[in-house]
Amino acid sequence: MVIKLMNDPDSKDGFSVSRRAFLKSFGTTAAIAATAQVEAVAQELAKAGAAQTYGPAAVPITLNVNGKPLHLQVEPRVTLLDALRNYSNLTGSKEVCDRATCGACTVMLDGLPIYSCSKLAIEAQGHEITTVEGLAQDGRLSPVQQAFIRQDALMCGYCTPGFVMSVTALLRKNPRPTAEEIKHHCSGNLCRCGTYPRIMKAAFHAAGLPVTNTTEVIPYAKLA
Ligand code: FES
Ligand code: FES
């Protein structure tokens with residue numbers, strides 16, 4: 001059907017539309033669309049307003065840590081790392097840089113390694129959190145933890161829980177990684193003591209890869 005626009009305000013046939021009628025109808029449609037947009041924006045603002053009702057004072061939260069519920073009262077600004085270390089007795093995750101740089105605070109969230117210093121505790125609700133305390137089963141250290149001990153892969157040990165969590169997360173997803181994959185996966189973890197050769201050996205050991213001496217490790221006896 002062809003719609004003709006006419007200057008005459010009164011259309012004489014049943015098919016043509018006058019310019020005035022067209023503009024009136026177009027204006028009505030535009031007004032309805034604009035109203036819908038305003039309502040959508042209002043709904044988004046309402047949602048944002050609802051989110052702001054948390055805090056600033058402490059609010060009750062429940063975290064699922066190592067398979068158990070952990071009930072806490074924390075301000076919404078508290079990070080997952082601080083909630084674990086300062087509001088419970090789970091001090092295995094370490095705070096070093098507190099700015100997503102070193103990996104000492106690494107925990108698993110639904111199986112993925114994350115920096116717990118960069119995640120709000122309130123946001124971690126509803127997720128499965130695993131800390132280094134949750135790796136041992138029936139009083140027996142996990143294979144990754146045992147490999148770190150066997151390879152003497154620590155000095156001060158402050159970075160160790162983070163490395164253990166990163167290696168554990170990798171091996172759960174990929175039980176036979178290559179050496180390059182292990183190095184890549186641990187690239188977000190830093191060791192200030194420079195224990196990398198032994199950390200890598202421990203990771204290779206835990207993955208069942210051959211542990212070689214391609215990277216020189218100076219025996220303590222040679223330093224004495
Ligand atoms: S303390 Fe979280 S990355 Fe350093
Ligand atoms: S062993 Fe000291 S920071 Fe890694």
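For this structure, a couple of remarks:
- As a rough guide to protection, the peptides 81-90, 159-168, 194-203 ranked by mean Cβ packing within 10 Å, highest first, stand as 159-168, 194-203, 81-90.
- Evaluated over the stretch 124-172, the Cα radius of gyration and Dmax, each in Å: 11.6, 36
- Summing Lys and Arg as +1 and Asp and Glu as -1 over all other residues whose Cβ lies under 12 Å from the Cβ of Thr195 gives a net charge of +2.
- Each part gets one Cα centre, and for the stretch 187-210 versus the stretch 74-142 those centres are 21 Å apart.
- Net charge over other residues, Cβ less than 13 angstrom from the Cβ of Gln125 (K, R count +1; D, E count -1): -2
- Pairs from the list Lys47/Lys94; Lys119/Lys201; Lys68/Lys201; Lys47/Lys119; Lys47/Lys68 with a Cα-Cα gap above 23 Å: Lys47/Lys94; Lys119/Lys201; Lys68/Lys201; Lys47/Lys68.
Values in this text are rule-based calculations from the coordinates and carry no lab data. All values derive from a computational prediction rather than experimental measurement. Quick reminder, even Gly has a Cβ in these numbers, built from the backbone with ideal geometry, and neighbours come from all protein chains shown.
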